[in-house]
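Engineer: Here it is: the structure, laid out below.
The values are calculated or read from the model by the stated rules, or taken from the named source; none is laboratory data. For clarity, every value in this text was computed on a predicted model and none was experimentally measured. Note: ideal-geometry Cβ built from the backbone for every residue, glycine included; neighbour counts use all protein chains shown.
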Amino acid sequence: MATGVAGAFAPREFAAFISYSHHDIGTARWLHRAVENYRVPRALVGLEGEYGAVPPRLRPVFRDEDELAGATALGPRLEEALARSRALLVICSPAARRSQWVDSEIRTFKRLYPDRPVFAVIASGTPGEGEQACFPDALLWESDAQGQSDRTRPMEPLAPDMQTLERRLVALKVIAGLLGVPYDRLYDRELRRRRTFAAIYSSASLIMILVLSGLTLAAFSYARLALHERNAAETAQKIAIKERNDAIAARDFAERRTWLAQQAAEQIRNFVGQDCPPAPHSGHPRKPR
């Protein structure tokens, strides 16, 4: 039985090794994230795939960030990573076709594990020959025991083309291959999951709209109640001010009446005092001497 990708990974084992030219580093980073972050639908987890039980995740994935332009060989670190990888992902482009390191990584992997899967993704260029040819030579021929191309056994690599397909579909095709499940089956499960998420999101959005609508109505009600209470308070304040002013006016009026009465009484006393003669003295008048 061929050793594949899915199933329980051994310690320090990679789900895949991404081989690419540093000209395609952006595509490599995207594919790395897409594969590692993908959650396999629950309905598929644990089922028997082409390479064993389907795992919930495909991680870790190895991707080298170092530039090898000055090196003369892959080096022990990359060879060890290839030896610990259960599949090879090749990002194909004219730059990858010209890269001796991409070619060497493919040959090394096929020499170590001739039965393990090799998947390709077209980032740029076209299949075939010419300046825009994208497939490295090691993908076009079967390899012998030494990892060299056997020109008597040609291969026709099948690769999703990022120039014509959505990135989401390209990633899904690669993931289906790594899991060892048919693409149509994974796509159908992914579509169902997206519809479920959309339904949950729509329901949550509807509930949120209803809640916000209720809060808005409550806010309007509270605002109207607050306005009514404020108007009532303003009316009560105006009545209190009027009553206070009336009381002050009444007090001033009473004080003025009292003052006027006092003034009138004083004038009457003065008037009476002027018109009446002084009272006569008792006894006889004294005679002048």
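Engineer: Pairs, please: C-beta under 7 Å, at least 6 apart or cross-chain, first residue outside any loop (DSSP other than H, G, I, E, B) and loosely packed, with under 15 Cβ neighbours inside 10 Å and in the range 154-176, second at pLDDT 95 or above and basic (Lys, Arg)?
Structural biologist: Pairs found: none.
Engineer: Then there is this: For the range 102-153, what are the residues that are over 42 Å from the mean Cα position of the chain (by Cα) and either among the hydroxyl-bearing types (Ser, Thr, Tyr) or crowded, with 19+ Cβ neighbours inside 10 Å (or both)?
Structural biologist: Those that are over 42 Å from the mean Cα position of the chain (by Cα) and either among the hydroxyl-bearing types (Ser, Thr, Tyr) or crowded, with 19+ Cβ neighbours inside 10 Å (or both): SER143, SER149, THR152.
Residues checked against (1) at pLDDT 90 or above; (2) surrounded by fewer than 18 Cβ atoms within 10 Å (Cβ to Cβ):
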{"residue": "ALA2", "(1), (2)": "no, yes"}
{"residue": "ALA10", "(1), (2)": "no, yes"}
{"residue": "PHE14", "(1), (2)": "yes, no"}
{"residue": "GLY26", "(1), (2)": "yes, yes"}
{"residue": "GLY70", "(1), (2)": "no, yes"}
{"residue": "ALA83", "(1), (2)": "yes, yes"}
{"residue": "LEU88", "(1), (2)": "yes, no"}
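Engineer: Scan ARG257, ARG192 and give me the residue that is part of a helix (DSSP H, G or I), among the basic types (Lys, Arg) and touching a residue at least 12 places away in the same chain (Cβ under 8 Å). Quick ask: steps written out before the conclusion?
Structural biologist: Numbers: ARG257 fails: touching a residue at least 12 places away in the same chain (Cβ under 8 Å).
Checking each option against the conditions leaves just ARG192.
Engineer: Find all pairs meeting these conditions: Cβ atoms under 6 angstrom apart; at least six residues apart or on different chains; first residue within the range 128-145 and farther than 17 Å from ALA159 by Cα; second residue in a strand (DSSP E or B).
Structural biologist: Matching pairs, first to second residue: ASP144/ASP150.
Engineer: Considering the range 119-149 alone, what residues qualify as being among the aliphatic types (A, V, I, L, M) and touching a helix residue (DSSP H, G or I) at 6+ places or on another chain (Cβ under 7 Å)?
Structural biologist: Selection gives ALA120, VAL121, ALA123, ALA133, ALA138, LEU139.
Engineer: Next question, about the same structure. Within the range 90-101, how many residues are buried (at least 16 other Cβ atoms within 10 Å of the Cβ) and among the polar types (S, T, N, Q)?
Structural biologist: 2
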